Amino acid sequence: MNKKRKAFWLKQLHQWHWVTSALCLISLLLFSITGITLNHANDIAAEPAIRSVEGQLPEPLMASLSGLEKGPLPVPVQQWLQTQWDLDSAHKAAEWAPDEVYVALPRPGGDAWLAITLGSGEVMGEITDRGWIAFFNDLHKGRHTGTVWAWFIDIFAVASLLFALTGLGLMMLHAKRRPATWPVTLAGLVLPWLLIVFFMH
């Protein structure tokens, strides 16, 4: 490769490498730390905080449930639940039965559910909070995080891929002056496979 062409690729790769590294830095730290906490989930003690929900749906809101057999809760009922117990039931599917409607409300780092008795308007439920470590672990897995976070993970993954590939390109351009480049890279490729073959059952 001539010097002019090499200088062009060095400039391009350095540009893309630092841009993608800047984009990925905080997220990469988060995903690396949560990778450790997920790997040692059984060793990290966590006592979930459970809060019960009990109440009475107002008469006008009870009327809005009349005749419904599928779909989410009516918007006024969703707003009332949000105000009363900070429960976000928007766009959540409800399970309708002749005498009750049940809504599961899973979320990162916790869980929740509620049931409304259609005849009396009695509201019962439970809110579980498993703590900040569970919250960040669920972000890592994309568990109950919604569409926007799923898109963020995909974009972060693409940026990380570009970061790795531009790093590979820079290694190739500098390999002649750094004899250990390819042996170390090969070790990084072979080591996981050796662990799989000899230690994973």
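Numerical summary
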| item | result |
| --- | --- |
| Which listed residue, of Glu69, Glu47, is acidic (Asp, Glu) and either assigned to a strand (DSSP E or B) or within 27 Å of the chain's Cα centre (by Cα) (or both) | Glu47 |
| Matching residues, the stretch 48-90, being touching a residue at least 40 places away in the same chain (Cβ under 8 Å) and closer than 21 Å to Gly131 by Cα | Pro48, Ala49, Ile50, Arg51, Ser52, Val53, Trp85, Leu87 |
| Some residue of the stretch 61-77 being loosely packed, with under 12 Cβ neighbours inside 10 Å, farther than 15 Å from Ala115 by Cβ and among the polar types (S, T, N, Q) | yes |
| Evaluation of Lys176 against (1) in a helix (DSSP H, G or I); (2) among the charged types (D, E, K, R); (3) buried (at least 16 other Cβ atoms within 10 Å of the Cβ) (one fails), failing number | (3) |
| Top-ranked residue of the stretch 18-34 - restricted to ones that are within 10 Å of Ala159 (Cβ to Cβ) and among the small types (Gly, Ala, Ser), ranked as nearest to the chain's Cα centre (by Cα) | Ser27 |
| Selection count where residues are surrounded by 13 or more Cβ atoms within 10 Å (Cβ to Cβ) and either assigned to a loop (DSSP other than H, G, I, E, B) or touching a residue at least 40 places away in the same chain (Cβ under 8 Å) (or both), scope the stretch 18-43 | 12 |
| Odd one out for Thr147 among (1) surrounded by 10 or more Cβ atoms within 10 Å (Cβ to Cβ); (2) in a helix (DSSP H, G or I); (3) in the same structural domain as Ser27 (by TED's automatic domain parsing) | (1) |
| Only one of Ala46, Ala7, Ala22 that is on the phi < 0 side of the Ramachandran plot and in contact with a helix residue (DSSP H, G or I) (Cβ under 7 Å, 6 or more places away or on another chain) | Ala46 |
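The rows are residues; the columns are (1) at pLDDT 90 or above; (2) not aliphatic (A, V, I, L, M); (3) not assigned by TED's automatic domain parsing to the domain that holds Val103.
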residue: Trp9; (1), (2), (3): no, yes, yes
residue: Leu13; (1), (2), (3): no, no, yes
residue: Ile26; (1), (2), (3): yes, no, yes
residue: Ile33; (1), (2), (3): yes, no, yes
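The values are calculated or read from the model by the stated rules, or taken from the named source; none is laboratory data. All figures in this text were calculated on a predicted structure; none of them were measured in a lab. Please note: Cβ atoms are built from the backbone with ideal geometry, for glycine as well, and neighbour counts cover all protein chains shown.
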